1. Scan the range 252-269 and tell me whether some residue there is closer than 24 Å to A183 by Cα, within 11 Å of the ligand (Cβ to nearest atom) and not aromatic (F, W, Y).
2. If the Cβ limit is 7 Å and pairs must be 6+ apart or interchain, which residue in the range 174-194 that is closer than 17 Å to Q155 by Cβ and of a type in the set (S, T, N, Q) pairs with which residue that is modelled with pLDDT under 95 and within 11 Å of the ligand (Cβ to nearest atom)?
3. Please work out which residue is surrounded by the fewest Cβ atoms within 10 Å (Cβ to Cβ), limiting yourself to the range 95-121 and to residues that are within 13 Å of the ligand (Cβ to nearest atom) and not in a helix (DSSP H, G or I).
4. Do we find that Y314 is in contact with a helix residue (DSSP H, G or I) (Cβ under 9 Å, 6 or more places away or on another chain) and not in a strand (DSSP E or B) in this structure?
5. Applying the selection to the range 122-145, what residues are within 15 Å of the ligand (Cβ to nearest atom), over 20 Å from K98 (Cβ atoms) and assigned to a helix (DSSP H, G or I)?
6. Yes or no: the range 225-242 includes at least one residue that is surrounded by fewer than 19 Cβ atoms within 10 Å (Cβ to Cβ) and either outside the structural domain of M116 (by TED's automatic domain parsing) or without any contact (Cβ under 8 Å) to a residue 24 or more places away in the chain (or both).
7. Is it the case that I288 is part of a helix (DSSP H, G or I) and over 14 Å from K115 (Cα atoms)?
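The values are calculated or read from the model by the stated rules, or taken from the named source; none is laboratory data. Note that the structure is a prediction, hence the values are computed from the model and not measured. Reconstructed Cβ throughout: ideal geometry from the backbone, glycine too, with neighbour counts over all protein chains shown.
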Amino acid sequence: MAWYCSKCKKEWVHDVLKCTFCGLDLEKMTEAGKVIAVTKVMVPSPEHPSSPYYNAVVEDSLGFKKIVKSETEPHLGKELNKTQQKPLSLPKGFLTGKKILVTGGASGIGAAIVKMALEAGAMVCFSYIANDEGARELEGKGGLAFKKDVSSEIQVKELAGEISAKWDRLDVIINNAGITSDAAFGNMSADAWDSVIKNNLTSAFYTSKNCLPLLNDGGRIVNISSIVGLDGNAGQANYAASKAGLIGLTKSLAKELASRKITVNAIAPGFIETRMTKKIPEGIQAQIKQRIPLGRFGRADEIASFVLFLSSDYASYATGSVFRIDGGFNL
Ligand code: NAD
């Protein structure tokens, strides 16, 4: 599905928080679609006994239809620029006092976690290797950026040292950094295997191990796995192995760190709208959406809210668990 800026009408790059062309905020982005039917709905309320609203059926470029609620009457056949749903946010102060590290925090799910955690009162630092612009933007919101490659133990040691020079402790470590390098198994090179295992799994080992001395008793580790780590996926043997490995790491660390009241959990997202899933050809995306009961890919903020709930004091009795967040894809 293509997304467009409501101001300059250019296609929006998903993992950038503002339109790259005119700078409009993410919150004001729109989804393009043609209105193919309109129903007027009367609202029987004592204050406004006759105020109507309209349900417009909007068809997007892939032929998917959705109902959009509008207060003004949309015209049949016109492009309706529906304001994108405002990203989720946690209650103010939900994470006040928490010191959080997010790896791979400059784009996609990681950036959504950083932004939401900052808004909920946490102090947040993040590592990144690409997307300097995204990193600067999150710094502008109060995030602390470290340009460190978490697949290198040397750089992770530097990261832990630089965090401890600024902060007395960490309360939460979120192992989010990840890559894909897909190929049919017969064509999968050793390099593609090694780099995915290193960036997705070994990075979590390096980060958890080197930042563990900083992690407060009662702290949290949240690992971003994938439904592919639970179910496997043709063409992603390396990615599936790395994400399944993260689950083994999660469960073992949960047992090992329970005596310090540190909880360790993993989440297994399904298909989430980020740069990673943008690589999937549009036709295949359409087929996948047909298999998702909720009928759409998830948004990064829908993963961030769950990760940050697990990071909070409210998730004190969950450990060693893997939570699927996939719109019902596995049903
Ligand atoms: P993304 O590509 O937007 O984000 C991944 C981030 O990790 C990027 O900013 C990248 O630069 C960073 N990164 C990669 N290797 C790194 C390294 N060695 N050091 C530091 N940073 C590094 O993709 P995303 O969808 O936001 O992915 C975030 C996580 O969620 C990944 O672990 C991914 O496997 C997982 N995930 C994504 C989906 C999805 O559908 N998008 C589904 C399941 C799981």
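1. First, pick out the residues of the range 252-269 that are closer than 24 Å to A183 by Cα: 268-269.
Then keep just the ones that are within 11 Å of the ligand (Cβ to nearest atom); that gives 268-269.
Those still in the list that are not aromatic (F, W, Y) too: 268-269.
Within the range 252-269 (the criterion being closer than 24 Å to A183 by Cα, within 11 Å of the ligand (Cβ to nearest atom) and not aromatic (F, W, Y)), the answer is yes, since at least one residue qualifies.
2. none
3. Residues of the range 95-121 within 13 Å of the ligand (Cβ to nearest atom): 101-115.
Okay, now just the ones that are also not in a helix (DSSP H, G or I), so 101-107.
Values: L101: 27, V102: 31, T103: 29, G104: 27, G105: 32, A106: 27, S107: 24.
The qualifying residue surrounded by the fewest Cβ atoms within 10 Å (Cβ to Cβ) is S107.
4. Considered against the rule, which asks whether it is in contact with a helix residue (DSSP H, G or I) (Cβ under 9 Å, 6 or more places away or on another chain) and not in a strand (DSSP E or B), Y314 comes out as no.
5. Answer for the range 122-145, where residues must be within 15 Å of the ligand (Cβ to nearest atom), over 20 Å from K98 (Cβ atoms) and assigned to a helix (DSSP H, G or I): D132, E133, G134, A135, R136, E137.
6. As a first pass, look at the range 225-242 and keep what is surrounded by fewer than 19 Cβ atoms within 10 Å (Cβ to Cβ): 230-235, 241.
Still in the list and also either outside the structural domain of M116 (by TED's automatic domain parsing) or without any contact (Cβ under 8 Å) to a residue 24 or more places away in the chain (or both): 232-233.
Yes, that holds for at least one residue.
7. On the way: part of a helix (DSSP H, G or I): yes; over 14 Å from K115 (Cα atoms): yes.
So I288 passes the test.
Okay, residues lined up against (1) buried (at least 20 other Cβ atoms within 10 Å of the Cβ); (2) in contact with a Pro (Cβ under 9 Å, 6 or more places away or on another chain); (3) modelled with pLDDT under 95:
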site	(1), (2), (3)
R296	no, no, yes
A300	yes, yes, no
I325	no, yes, no
G328	no, yes, no
